[in-house]
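The values are calculated or read from the model by the stated rules, or taken from the named source; none is laboratory data. The shown structure was predicted, so the numbers you read here are calculated from the model rather than taken from an experiment. As a convention, Cβ positions derive from the backbone with ideal geometry for all residues, glycine included, and neighbour counts pool all protein chains shown.
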Ligand code: 5GP
């Protein structure tokens, strides 16, 4: 079976990665979202096992020791990590896996999964980014400043990514990401079996390309 695609989405805090991911997931049954683990305390609306797996620092460090993470990083003073097992299992089952992680984590993954699709989500402006972080109302002034200050460094990491899009409207950004995934699915390198089938005299059609559905 052709393994699934690993899709990595990053962007500064407040860009709206979560909203865009939710739209993508709502419109696709074949996409699996990897729920990260974090030591950050949950925000009021967040639920354990849905937004994140919330763990203590001790638990997180034990999991690092046990090599349970595909990648992990310290972001804004807390640990965040991608649990390895489900991601590897879903990819092997042919499912596409979406990771919403920071730029440090994306770089770590890239050294092992260069064939992943690395997508960077930009805000429409820095003023709008600041407004979105403030309007979320989940961080105090110091944390808002920390997150906003980190954004210019994060944006300079865009060169590690294959694609970028702008979240002026989440539906539009999600549509563009969907197009990126579809283009990747059409790559010759991913469809060599199709050419063999054609050569053997079989009829093939567009649905033989494992489209993003
Ligand atoms: P937040 O606290 O706003 O949910 O997330 C803070 C930052 O951590 C965001 O940039 C988010 O993409 C990143 N993040 C979330 N999960 C992971 C993860 O598993 N690994 C890494 N490296 N970063 C993550």
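If you scan the range 55-76, which residues turn out to be within 16 Å of residue 39 (Cα to Cα) and in a loop (DSSP other than H, G, I, E, B)?
55, 56, 68, 76 - these are the residues of the range 55-76 that are within 16 Å of residue 39 (Cα to Cα) and in a loop (DSSP other than H, G, I, E, B).
How about the range 156-179: which of its residues are touching a strand residue (DSSP E or B) at 6+ places or on another chain (Cβ under 7 Å) and either part of a helix (DSSP H, G or I) or over 12 Å from residue 9 (Cβ atoms) (or both)?
Hits for the range 156-179 are 158, 160, 166, 173, 176, 177.
Out of all the residues in the range 51-69, is one or more in contact (Cβ under 8 Å) with a residue 40 or more places away in the chain, crowded, with 19+ Cβ neighbours inside 10 Å and in contact with a helix residue (DSSP H, G or I) (Cβ under 8 Å, 6 or more places away or on another chain)?
The answer is no; no qualifying residue exists.
For residues that are assigned to a loop (DSSP other than H, G, I, E, B) and near the ligand (Cβ under 10 Å from one of its atoms), tally how many sit in the range 25-40.
Total satisfying the criteria: 4.
Answer with yes or no whether residue 3 is assigned to a loop (DSSP other than H, G, I, E, B) and either touching a strand residue (DSSP E or B) at 6+ places or on another chain (Cβ under 9 Å) or modelled with pLDDT of 95 or more (or both).
no
Can you name the condition, by its number, that residue 212 falls short on among (1) at pLDDT below 95; (2) part of a helix (DSSP H, G or I); (3) surrounded by 16 or more Cβ atoms within 10 Å (Cβ to Cβ)?
Every listed condition holds for residue 212 apart from (2).
Report yes if some residue within the range 134-143 is in a helix (DSSP H, G or I) and at pLDDT 95 or above; otherwise report no.
The answer is no; no qualifying residue exists.
In the range 46-73, which residues are within 10 Å of the ligand (Cβ to nearest atom) and out of contact with any strand residue (DSSP E or B) (no Cβ under 8 Å at 6 or more places or on another chain)?
The answer is 51, and nothing else.
How do the strands (runs of 3 or more DSSP E) wholly within the range 77-132 filter down when requiring 2 or more residues that are over 22 Å from residue 178 (Cα atoms) and within 16 Å of the ligand (Cβ to nearest atom): which remain?
Counting at least 2 such residues, we get 78-83.
So that you can scan it fast, the table gives a plain yes or no per residue for (1) assigned to a helix (DSSP H, G or I); (2) crowded, with 21+ Cβ neighbours inside 10 Å; (3) at pLDDT below 95; (4) within 10 Å of the ligand (Cβ to nearest atom):
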{"site": "7", "(1), (2), (3), (4)": "no, yes, no, no"}
{"site": "12", "(1), (2), (3), (4)": "no, yes, no, yes"}
{"site": "20", "(1), (2), (3), (4)": "yes, yes, no, no"}
{"site": "23", "(1), (2), (3), (4)": "yes, no, no, no"}
{"site": "44", "(1), (2), (3), (4)": "no, no, yes, no"}
